[in-house]
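Okay, structure first, notes after.
The values are calculated or read from the model by the stated rules, or taken from the named source; none is laboratory data. Since the structure is predicted, the reported quantities are computational estimates derived from the model, not experimental observations. For neighbour counting, all protein chains shown are included, and Cβ atoms are generated from backbone atoms with ideal geometry for every residue, glycine included.
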Amino acid sequence: MQARYLLAAGLFVAVTSYAIRVVAPLGEEVIEDIYLAQAPAWVTGFTLGIVGAERGWFDRISPATVLATRYVSWPPEIEFPAAAALAVIVSFGIGALLVRIPGVSRIV
């Protein structure tokens, strides 16, 4: 799969999600237990799964790789705060670097 197809899929999800969320905000149920704002991501994921299965994208994954991805080193109670803290640190670091760029410092 080429990167442009993944970028197109991401753009599709972003644009259609925004358009739907203007009408039905995220977290608002349209029909009982149906969150319409998440539908573009569902459709895109399903489509990528179908296309990937037909083209054999998943055949190249070795069993060792699949087993390695199942290994969870930390419990979720520890992993979430650690990931959140790392995300905050990285975002502040990126912000500190962007402030040093002359044109970008006015926006950031």
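The number of residues in the range 49-69 being among the charged types (D, E, K, R) and either part of a loop (DSSP other than H, G, I, E, B) or in contact with a strand residue (DSSP E or B) (Cβ under 8 Å, 6 or more places away or on another chain) (or both) comes to 2. Tell me, please, whether a residue that is part of a loop (DSSP other than H, G, I, E, B), of a type in the set (Lys, Arg), loosely packed, with under 10 Cβ neighbours inside 10 Å and at pLDDT below 85 can be found in the range 2-9. No, that holds for no residue.
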